[in-house]
1. Roughly to the nearest percent, how much of the accessible area of the chain is carbon and sulfur, given a 1.4 Å probe?
2. Return the long-range amide H neighbours of L27 (sequence gap of 5 or more, or a different chain), with a cut-off of under 5 Å between placed amide H atoms.
3. For V42, what is the net charge nearby, where nearby means another residue's Cβ is under 11 Å from its Cβ and Lys, Arg count +1, Asp, Glu -1?
4. Given points 7 Å out from each Cα along the Cα-Cβ axis, report the R64 to E81 separation in nanometres with one decimal.
5. What share of Cα pairs, in percent, lie more than 19 angstrom apart in segment 8-63?
6. I'm spelling it out carefully: the read-out is Kirkwood radius over Cα pairs in Å, the candidates are (1) 14.1; (2) 17.6; (3) 16.3, and one was derived from this structure. Which label?
7. Hey, what angle do you get for helix 75-107 against the long axis of the chain, alpha-carbon based, 0 to 90 degrees rounded to 10?
8. Rank by packing, highest mean first: peptides 12-23, 43-54, with packing defined as the count of other Cβ atoms within 10 Å averaged across residues.
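The values are calculated or read from the model by the stated rules, or taken from the named source; none is laboratory data. Nothing here was measured: the structure is a model prediction, and the numbers come from that model. Cβ placement follows ideal geometry from the backbone for every residue including glycine, while neighbour counts extend to all protein chains displayed. Each accessible area value is taken on the protein alone, full model and side chains, heavy atoms only, with ligands, DNA and RNA left out. Shrake-Rupley method; radii C 1.70, N 1.55, O 1.52, S 1.80 Å.
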Amino acid sequence: GPDDSYFVWKKNGQKMKACITEQSHMLFDGRVHVLSWVKDSVSENTEYKCSFISEVGNTTSEVRITVEDKDSAGQDGWTKEFDMWRSAISEHDKMMQNWRKTWVRIFG
């Protein structure tokens, strides 16, 4: 994460400004671990693109969310998958907070 780095989120090609969360964590060697995610709800098929831009280089990730009927048999599977992702993000956040505390104790 160079100092000049930033994220650009797009939803269906339109730049987003709301619902975006960013976190950065200093690593013990002086580098920075940077995360960004979007909390949003959709009622139709939606494409998200996340670009990480810096002087050093750029990269873009994209995902397409496909909305199915509420009565669809896949709804239970989607709910379970969403819960797994939410749990993974929560666990990652806890891990990064613990690492930050450890780094401050050791290197602070």
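1. Numbers: 4450 of 8590 Å².
C and S fraction of accessible area: 52 percent.
2. V32, H33
3. Numbers: positive: K11, R64; negative: D40, E44, E47.
Every neighbour counted, the sum reads -1.
4. For R64 paired with E81, the spin-label model returns 1.4 nm.
5. Working: 556 of 1540 pairs.
The share of Cα pairs beyond 19 Å in segment 8-63 comes to 36 percent.
6. Correct label, based on the coordinates given: (3).
7. 10 degrees
8. Details: 12-23: 10.9, 43-54: 13.5.
Top of the packing list down: 43-54, 12-23.
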